[in-house]
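Step one of this worksheet: look at the structure below.
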Amino acid sequence: MKKTIAFLLVLAAAALSQQRPDFIGAIMGSQKAAIAVPDMRGAGRAEGLMGVVNGTLFRDLEDAAVFKMVPKSMYPLRTPQQPSDFRKPLQYDPNNRNAAPWLQDWSDPPVNADYLAFGYAAEQDGQMVLFGWLFNVRQPDVATAQAFGKIYFGSMDETGARKVAHEFAADILKQFGVESLAGSKVFFVSNRSGSKEIWSMDYDGSTQKQITNYKSISTMPSVSPDGTRIAFTSWAFGQPQIVVHSLETLRKIPFLNPRAGANQNASYSPDSKQIAFSSSASGFSQIYMANADGSGVRRLTNTRSVEVEPKINPKTGTDIVFVSGRGGASPQVYRMNSDGADVQRLTTGEGQATNPSWNPQGTHIAFAWTRGYDPGNFNIFVMDVNTREYVQLTSGAGRNENPTWAPDGKHIVFSSDRSGRSQIWTMLADGSQLRQLTSAGINEKPAWSK
Amino acid sequence: MSTKKASALAVALCLSFFAAGCKKKVNVPPPPAAPKAQPAPPQVSKPIVKFFSAEPTTIERGQASSLKWEVTGADSVSINQGLGTVSASGNRSVFPSDTTTYTLTATNGGGSVTESVTVNVTAPAPKPAPEAPAPKATFGEIIARDIQDAFFDFDKSDLREDARNTLTQNADKLKTIFRDYPNGTVTIEGHADERGSAEYNLGLGDRRAIAAKDFLVQLGVPADRLRTLSYGKERPQCTENNESCWQKNRRAHFTGQ
């Protein structure tokens with residue numbers, strides 16, 4: 001089964017890659033199996049929660065950007081709830097209303113689905129239980145059509161409904177070699193409590209939670225790749241400094257800041273053992289590296305200009321992109337080796353280029369650039385770091401800043417004031433599927449973590 | 001290279017190109033007509049400054065005056081006092097802390113023309129004397145009242161002439177104030193306008209605060225009484241989306257503790 005899917009995906013990718021020679025096509029992958037996800041029904045107390053279950057499942061699958069989602073209006077009227085509902089007819093007649101559901105209902109026009117996700121929910125010992133199946137409807141019979149069937153348990157409330165739907169979606173995506181974004185978190189900065197604090201939410205904007213409570217300015221969060229710590233910049237102790245919290249206890253853990261007017265922009269190495277940051281210890285904000293507790297500081301750049309936002313390549317750990325105003329020029333994105341050698345400018349020198357962020361594969365950066373616009377009017381760009389080819393993803397809709405990549409390497413979260421005040425948005429790396437995740441207060445500086 | 005020399009050279013290059021071309025291929029169809037000769041550079045007339053005005057020409061310290069100008073026929077237009085290169089017509093709000101003469105220079109191949117306008121700055125009207133003897137002002141109140149902000153250009157942390165003037169006055173006052181308040185310290189806050197990134201502006205604000213501090217120390221203000229604190233663009237004093245507001249935010253600001 002998995003082999004067949006993989007083979008189909010390779011074929012589809014090969015066919016589509018000719019239409020999209022640009023590197024964004026390569027980032028996005030071009031396989032698009034068609035999947036139908038009819039609304040599931042629920043028995044007992046589960047009935048009232050099916051809106052949440054069906055909505056969450058559909059959105060997780062759609063957001064993964066690996067499927068062509070067949071519109072629900074195309075679906076046949078007879079919907080199976082479990083595999084035994086399928087009855088192979090002696091002679092298939094799509095117009096026979098009394099016939100039992102059959103695979104061809106889904107594979108034939110107008111549905112033209114390759115896959116069908118279906119099932120039902122019920123109440124069992126006060127818990128919600130979801131029975132979910134994935135079928136390849138192109139197969140000749142039920143036995144070969146079933147990719148998997150599984151039972152999911154959750155509490156009988158919205159949290160439980162979301163949980164079972166996320167888990168079903170994750171299992172479907174796993175069949176296609178894709179890690180679900182459900183369970184990933186977006187950390188961000190919000191002033192909705194009255195001061196800028198660090199917050200977190202699920203990738204779809206649900207479950208927004210306040211992480212810090214310094215009642216000062218706390219901003220620019222960065223999560224360690226092992227998911228145990230969050231480092232940010234805070235004025236809580238006077239001058240802006242790097243502050244680290246455990247994500248397990250949410251308490252502050254020690255970080256030794258160099259003596260400087262400003263220490264900021266912490267970001268972790270792939271093994272979570274090093275922190276790159278900028279510090280004005282020399283009188284100019286420059287790039288430094290230290291152990292995760294701030295010990296063993298070493299200076300990587302040595303200029304009389306403002307240099308900020310170092311980001312270590314998450315794959316190799318050996319190269320760093322950063323922002324520099326060296327030579328008296330407007331800030332641009334540069335790269336260097338992790339020992340500070342071989343500095344090269346990546347952006348063209350036009351406008352102001354800021355906020356670089358590596359994709360998980362370490363091949364591309366997303367960044368904010370005013371190229372082609374007035375100062376301050378940033379748009380999101382993606383660059384292939386080897387060839388320095390770049391693509392503009394947003395255009396002219398307000399200030400678009402601080403892009404960071406999702407763990408799947410296909411989604412980007414960023415801030416934009418296109419709807420008024422700055423809010424957190426996600427999109428695919430080809431600029432499509434825009435979603436606004438926040439709306440209360442001013443929200444900015446998103447960081448997507450596993 | 002001057003414009004004059006450049007165009008002469010260009011004409012010469014053109015001519016030599018066509019001459020060589022004709023010599024080689026006599027029978028082929030003629031090359032397209034040579035481009036019309038450039039008008040000789042000396043004929044270019046100087047730019048015309050239609051007007052260069054300040055409104056109002058007299059302000060109280062801390063208030064704004066609006067410079068307005070329109071120039072035709074210029075290759076470049078600039079205004080001194082730190083305003084730098086500007087467009088051919090436009091306006092700009094200025095906040096001189098002392099009477100200042102602004103000189104506009106319009107230049108083209110024919111020469112340059114200058115025009116000046118003076119903004120007179122008066123001290124703010126003294127507040128009416130309080131009826132009862134006022135309690136002695138605190139250190140923080142004196143700093144807030146007497147020590148002026150120094151302003152910066154976009155994406156710059158070097159001190160403009162107006163900022164140097166302001167800081168020179170601040171240095172004199174601070175030396176006196178520190179003598180009267182031996183325990184007071186002053187924090188120099190560095191601020192930036194909203195347009196750059198928050199990260200870069202934090203570094204830039206730090207530079208602005210340090211530049212202001214270094215200048216004061218050079219003038220004899222004790223360094224151990226001065227601290228710096230960059231807010232980047234996190235604490236703007238003005239939140240409108242225009243240059244006059246941005247200028248107010250590109251500043252070194254002083255608070256007393």
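In the stretch A:87-122, the residue that is nearest to A:TRP133 (Cα to Cα) out of those that are of a type in the set (Asp, Glu) and surrounded by 14 or more Cβ atoms within 10 Å (Cβ to Cβ) is A:ASP114.
Among residues belonging to the stretch A:191-205 that are at negative phi and within 14 Å of the chain's Cα centre (by Cα), point out the one that is surrounded by the most Cβ atoms within 10 Å (Cβ to Cβ). Selected residue: A:TYR203. The combined condition, being under 28 Å from the mean Cα position of the chain (by Cα), under 21 Å from B:GLY232 (Cα atoms) and part of a helix (DSSP H, G or I), is fulfilled by B:ALA144. Count of the stretch A:151-170 residues, restricted to those that are surrounded by 18 or more Cβ atoms within 10 Å (Cβ to Cβ) and over 20 Å from A:GLY205 (Cα atoms), is 3. A single member of A:GLN139, A:GLN175, A:GLN208, A:GLN146 is surrounded by fewer than 22 Cβ atoms within 10 Å (Cβ to Cβ), away from every other protein chain (no Cβ under 14 Å) and within 30 Å of B:ARG235 (Cα to Cα), and it is A:GLN208.
Inspection of the stretch B:171-193 identifies no residue that is surrounded by fewer than 16 Cβ atoms within 10 Å (Cβ to Cβ), among the charged types (D, E, K, R) and not in a helix (DSSP H, G or I). Considering only the stretch A:394-416, I want to know if a residue exists there that is of a type in the set (Lys, Arg), touching a Leu at 6+ places or on another chain (Cβ under 9 Å) and surrounded by fewer than 18 Cβ atoms within 10 Å (Cβ to Cβ). Taking every residue of the stretch A:394-416 in turn, none turns out to be of a type in the set (Lys, Arg), touching a Leu at 6+ places or on another chain (Cβ under 9 Å) and surrounded by fewer than 18 Cβ atoms within 10 Å (Cβ to Cβ). Candidates A:THR348, A:THR370, A:THR354: the one that is without any contact (Cβ under 8 Å) to a residue 24 or more places away in the chain and within 14 Å of chain B (Cβ to nearest Cβ) is A:THR370. Checking B:ALA198, B:ALA209, B:ALA223 one by one, the residue that is at the interface with chain A (Cβ under 8 Å from one of its Cβ atoms) and over 18 Å from the mean Cα position of the chain (by Cα) is B:ALA198 and no other. Within the stretch A:223-277, the set of residues being within 12 Å of another protein chain (Cβ to nearest Cβ), over 26 Å from the mean Cα position of the chain (by Cα) and not in a loop (DSSP other than H, G, I, E, B) comprises A:GLN241, A:ASN263.
Among the residues of the stretch B:94-114, those that are crowded, with 16+ Cβ neighbours inside 10 Å and in contact with a strand residue (DSSP E or B) (Cβ under 6 Å, 6 or more places away or on another chain) comprise B:VAL94, B:PRO96, B:THR100, B:TYR102, B:LEU104, B:THR105, B:ALA106, B:THR107, B:VAL113.
Looking across the stretch A:394-450, just one residue is of a type in the set (Lys, Arg) and on the phi > 0 side of the Ramachandran plot, and that is A:LYS445. Taking the criterion of being assigned to a loop (DSSP other than H, G, I, E, B), under 22 Å from A:ALA165 (Cβ atoms) and without any contact (Cβ under 8 Å) to a residue 12 or more places away in the chain, would at least one residue in the stretch A:106-126 satisfy it? Within the stretch A:106-126, one or more residues are assigned to a loop (DSSP other than H, G, I, E, B), under 22 Å from A:ALA165 (Cβ atoms) and without any contact (Cβ under 8 Å) to a residue 12 or more places away in the chain.
Against the numbered list (1) within 19 Å of the chain's Cα centre (by Cα); (2) modelled with pLDDT under 95, A:LEU57 comes up short only at (2). Within the stretch B:204-217, none of the residues are more than 17 Å from B:LEU159 (Cα to Cα) and either modelled with pLDDT of 95 or more or surrounded by fewer than 19 Cβ atoms within 10 Å (Cβ to Cβ) (or both). Counting only strands (runs of 3 or more DSSP E) that sit completely within the stretch A:393-450, those holding 2 or more residues that are more than 13 Å from the chain's Cα centre (by Cα) correspond to A:400-405, A:411-416, A:443-449.
Reported count of residues in the stretch A:107-164, each being at pLDDT below 95, among the hydroxyl-bearing types (Ser, Thr, Tyr) and farther than 27 Å from A:LYS68 by Cα, is 1.
Please pick out the residue among A:MET28, A:MET50 that is touching a residue at least 60 places away in the same chain (Cβ under 8 Å) and closer than 29 Å to A:SER155 by Cα. Going through A:MET28, A:MET50 in turn, just one is touching a residue at least 60 places away in the same chain (Cβ under 8 Å) and closer than 29 Å to A:SER155 by Cα: A:MET50. For the residues A:GLN146, A:GLN175, the requirement of being in contact with a Leu (Cβ under 7 Å, 6 or more places away or on another chain) and polar (S, T, N, Q) singles out A:GLN175. Among the residues of the stretch A:418-441, the ones that are of a type outside the set (Lys, Arg) and either in contact with a Ser or Thr (Cβ under 7 Å, 6 or more places away or on another chain) or under 14 Å from A:PHE188 (Cβ atoms) (or both) come to 12 in all.
Yes/no per residue for (1) within 11 Å of another protein chain (Cβ to nearest Cβ); (2) surrounded by fewer than 23 Cβ atoms within 10 Å (Cβ to Cβ); (3) within 21 Å of B:ALA198 (Cβ to Cβ):
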| residue | (1), (2), (3) |
| --- | --- |
| A:VAL297 | no, yes, no |
| A:SER305 | yes, yes, yes |
| A:GLY317 | no, yes, no |
| A:PRO331 | yes, no, yes |
| A:ARG335 | no, yes, no |
| A:GLN344 | no, yes, no |
| A:ILE365 | no, no, yes |
| A:PRO375 | yes, yes, yes |
| A:ILE380 | no, no, yes |
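The values are calculated or read from the model by the stated rules, or taken from the named source; none is laboratory data. Since we're looking at a predicted model, the values are computed, not measured. Every residue, glycine as well, gets a Cβ built from its backbone with ideal geometry; the counts of neighbours run over all protein chains shown.
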